[in-house]
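*Asks:* Following this message is one structure expressed as structure tokens.
The values are calculated or read from the model by the stated rules, or taken from the named source; none is laboratory data. The structure presented is a predicted model; accordingly, all values stated were derived computationally and were not measured. Cβ coordinates were reconstructed from backbone atoms using ideal geometry, including for glycine residues, and neighbour counts include every protein chain displayed.
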């Protein structure tokens, strides 16, 4: 029983540390919530479901591996491959969103040089709206992209350090460790995103609003580069 308690504490510790040391777990949600003008509730729900998908995928792979008798080395290889793949997925998303940010910047109020009769009516109307009157972005594609990226993203420490030791003790221990790790990871993600969201809400971006999408794309690129080239 003492070993299980040690595993429970390790699960909570690793869940917190691996999340807080990986900016990719919260930075994309923070910058996109500001760029796309998401409400606090929407930002938290997107973070929650993405975090659950992130943990559940690794738990599922670990349990299937245990059931099929797959070796730890092979499972670690699978998680390593998933980590590299999700890094490139986030990198591609960052490039795409940076291009989108450049497009939005060039089409902003201060940088749209086409005469009015060549600009679509919807764009003309949007140009004359003050920033504070612009509506929250309701595009469903961006949250789904984030969710899918996080589902593919591995929790590298979960399988080798938690599930296998817990399985050696008991099935109950394995399930409990996975739950503790998952809850800690998701709560840490949500806390970091909440703090970042509230911090950004204190900063006014009236003049800078035109390039918020560009900044968001570049920060996502930085986060992805950290995964790919620096092992974040």
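*Asks:* Among the numbered conditions (1) part of a helix (DSSP H, G or I); (2) at pLDDT below 85, tell me where residue 83 comes up short.
*Replies:* Of everything listed in (1) part of a helix (DSSP H, G or I); (2) at pLDDT below 85, residue 83 misses just condition (2).
*Asks:* Looking for whichever is farther than 16 Å from residue 148 by Cα and either in contact (Cβ under 8 Å) with a residue 60 or more places away in the chain or touching a strand residue (DSSP E or B) at 6+ places or on another chain (Cβ under 9 Å) (or both) here; the options are 51, 40. Which one fits?
*Replies:* Numbers: 51 fails: farther than 16 Å from residue 148 by Cα.
Within the list 51, 40, the selection yields 40.
*Asks:* Got at least one residue in segment 103-115 being more than 30 Å from residue 61 (Cβ to Cβ), surrounded by 15 or more Cβ atoms within 10 Å (Cβ to Cβ) and at pLDDT 85 or above?
*Replies:* no
*Asks:* Conditions: (1) assigned to a helix (DSSP H, G or I); (2) more than 19 Å from residue 167 (Cα to Cα). Residue 37 meets all but one. Number of the miss?
*Replies:* It is condition (1) that residue 37 fails.
*Asks:* Take the residues of segment 1-23 that are under 20 Å from the mean Cα position of the chain (by Cα) and either buried (at least 21 other Cβ atoms within 10 Å of the Cβ) or not in a helix (DSSP H, G or I) (or both): which is modelled with the lowest pLDDT?
*Replies:* 22
*Asks:* Is it true that some residue in segment 62-76 is assigned to a loop (DSSP other than H, G, I, E, B) and under 27 Å from residue 104 (Cβ atoms)? Talk me through it step by step, then tell me what you get.
*Replies:* First, the residues of segment 62-76 that are assigned to a loop (DSSP other than H, G, I, E, B): 69-71.
Applying the additional criterion that residues be under 27 Å from residue 104 (Cβ atoms) yields none.
For segment 62-76, residues assigned to a loop (DSSP other than H, G, I, E, B) and under 27 Å from residue 104 (Cβ atoms): absent.
Residues checked against (1) surrounded by fewer than 16 Cβ atoms within 10 Å (Cβ to Cβ); (2) farther than 15 Å from residue 191 by Cβ:
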| site | (1), (2) |
| --- | --- |
| 28 | no, yes |
| 36 | no, yes |
| 47 | no, no |
| 55 | no, yes |
| 60 | yes, yes |
| 72 | yes, yes |
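*Asks:* Among the residues of segment 74-91 satisfying the criterion of being farther than 16 Å from residue 151 by Cα and in contact with a helix residue (DSSP H, G or I) (Cβ under 8 Å, 6 or more places away or on another chain), which is surrounded by the most Cβ atoms within 10 Å (Cβ to Cβ)?
*Replies:* Applying the first criterion (farther than 16 Å from residue 151 by Cα) to segment 74-91 yields 74-77.
From the residues that got through so far, the ones that are in contact with a helix residue (DSSP H, G or I) (Cβ under 8 Å, 6 or more places away or on another chain) too are 74-76.
Details: 74: 11, 75: 20, 76: 15.
Out of the qualifying residues, it is 75.
*Asks:* State yes or no: is residue 136 at pLDDT below 85 and assigned to a loop (DSSP other than H, G, I, E, B)?
*Replies:* Against the criterion (at pLDDT below 85 and assigned to a loop (DSSP other than H, G, I, E, B)), residue 136 qualifies.
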